[in-house]
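First up is the structure itself, then whatever we jot down about it.
Where a number appears in this text, it was derived from the coordinates with a stated rule and is not lab data. Source: prediction; values computed, not measured. Cβ placement follows ideal geometry from the backbone for every residue including glycine, while neighbour counts extend to all protein chains displayed.
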Amino acid sequence: MLLRRLDIASIEQWEYAAVPTIISGWRNDTEQFEEFMQQINLMGMNGWEMTTESVIHTKGYSGSEYPMLFFKRRLPAEPNEDARH
């Protein structure tokens, strides 16, 4: 079996973010929705890509559910160590 050194620099690296999608009824829903969409659009302009949506379930006496959007974006590639020498 031939083994070779894994070049970590060539592997895509990602970072992740989770954004809650709860819009409460304590103020104008239209205003909250517009603020939420501004936040999502800003993430897109900053290189974030929405990958999925899901509901997070919490444990405990009154277990709660939190709808969430999950995003990822590619981290900048680090220079290959061999290229630096």
Note to self: Could you give the length gained by full extension between GLN13 and ILE56, i.e. 0.36 nm per residue of separation minus their alpha carbon distance, to one decimal place?
What the structure shows: 13.0 nm
Notebook entry, point to check: In a shell of Cβ-Cβ distance under 13 Å around PRO76, excluding PRO76 itself, what net charge do Lys and Arg (+1) and Asp and Glu (-1) give?
Noted result: -1
